[in-house]
Amino acid sequence: MKHLLKLMDLSESEILDILNLADQLKYEKKHNIEHKYLEGKSLGMIFQKSSTRTRVSFETGMYQLGGQALFLSPRDLQIGRGEPIEDTAKVLSRYLDGIMIRTFEQKEVEDLAKYGSIPIINGLTDFAHPCQVLADLMTIREYKGEFDNLKLTFVGDGNNMANSLIVGCLKVGMRVAIACPQGHLPDSAVLEFAKAYGDKFTLTDDVKKACADADVVYTDVWASMGQEGEAQERKKVFKGYQVNADNLSAAKNDVMVLHCLPAHRGEEITADVMDAHPEIFDEAENRLHAQKAVLVKLMADK
Ligand code: CP
Ligand code: NVA
């Protein structure tokens, strides 16, 4: 693995290797075992969109691994004044050991990898959020012990989270059901990918049907970053695509509820469901451990 651009690029064993290392790093952190695997290394972090979890977990993760992280705001970088991504990639490759980028188009992330000569990590695009799904898989395995045949149901917008969950969960042997309204389906390339998994993947607009017998129910905001102008319209379209007690009653008794956060209580998830499922905050914590594993895999001296 040279980069983390999207989960489609990774094999099942590469994903499992990251999760195993993440478990090890979490154990080491908890027991104060020093793990400065990235001493002297620098990660640049370019954020074209807001972030709480991704920024703080990458920054503290690099520090815990003995390296440093530089927060690079496009307002201050020359990218913001039109310097091409190609030149930026070439120049930053001379200073840094890796770049994490959060932006809009997946192509920008792929271009950084194409023109630069250091590892590139996708910290979220409109298409994918691979770091989040690695933390999600880590959390699911912590709670359930294994992946085989577990059913994850995603309720809501067929967005970057839905795209990455479909790919990540199918790759590790889970079943995936998506409940989303017509016109808001996951990306066509992801639906094509899922075809190879036969009836392990289902797509419906019926939330209760999708939640039937689910081991994990997942949701995300109805309006993603960049779609703020559509928020009112989306509230109407997605009404009913909510993780609430009624829809959850169709799932298994020991269902886990996950949310990448930030959440809008009363929209895609009710406050009572959020409060009854503290695993959502284990999931948020695991961003740190899963990303440290990605950083070590990509940036440690071999
Ligand atoms: N889940 C997630 O990526 O959170 P942030 O937007 O706060 O980084
Ligand atoms: N779909 C959301 C995820 C936030 C972590 C967004 O892109 O804004």
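Only one entry in Lys49, Lys30, Lys107 is basic (Lys, Arg) and in contact (Cβ under 8 Å) with a residue 12 or more places away in the chain, namely Lys49.
When segment 226-248 is filtered for residues that are buried (at least 16 other Cβ atoms within 10 Å of the Cβ) and touching a residue at least 60 places away in the same chain (Cβ under 8 Å), the ones remaining, listed by number, are Arg234, Phe238, Tyr241, Gln242, Val243, Asn247. Ile280 satisfies every condition listed in (1) touching a strand residue (DSSP E or B) at 6+ places or on another chain (Cβ under 8 Å); (2) farther than 17 Å from Ile140 by Cβ; (3) within 16 Å of ligand 2 (Cβ to nearest atom) except (2). If the condition is being away from ligand 1 (no atom under 15 Å from the Cβ) and under 24 Å from Glu28 (Cβ atoms), then segment 255-302 contributes Pro278, Lys292, Ala293, Leu295, Val296, Lys297, Leu298, Met299, Ala300, Asp301, Lys302. Where helices (runs of 4 or more DSSP H) fall wholly inside segment 115-201, the ranges with 2 or more residues that are within 14 Å of ligand 1 (Cβ to nearest atom) and open to solvent by less than 40 Å² (accessible area, probe 1.4 Å) are 130-144, 160-171.
Of the residues making up segment 253-302, those that are part of a loop (DSSP other than H, G, I, E, B), over 17 Å from the mean Cα position of the chain (by Cα) and not polar (S, T, N, Q) are Asp254, Val255, His264, Gly266, Glu267, Glu268, His277, Pro278, Ala300, Asp301, Lys302. Might you check whether a residue that is modelled with pLDDT under 95 and in a helix (DSSP H, G or I) occurs anywhere in segment 61-78? Checked segment 61-78: at least one residue is modelled with pLDDT under 95 and in a helix (DSSP H, G or I).
The values are calculated or read from the model by the stated rules, or taken from the named source; none is laboratory data. Keep in mind the model is a prediction, meaning the values are calculated, not measured. No Cβ is skipped: glycine too gets one built from the backbone with ideal geometry, and neighbour counts run over all protein chains shown. When the accessible area is computed, the model is the full protein with side chains, heavy atoms only, and any ligands, DNA or RNA have been set aside. Shrake-Rupley method; radii C 1.70, N 1.55, O 1.52, S 1.80 Å.
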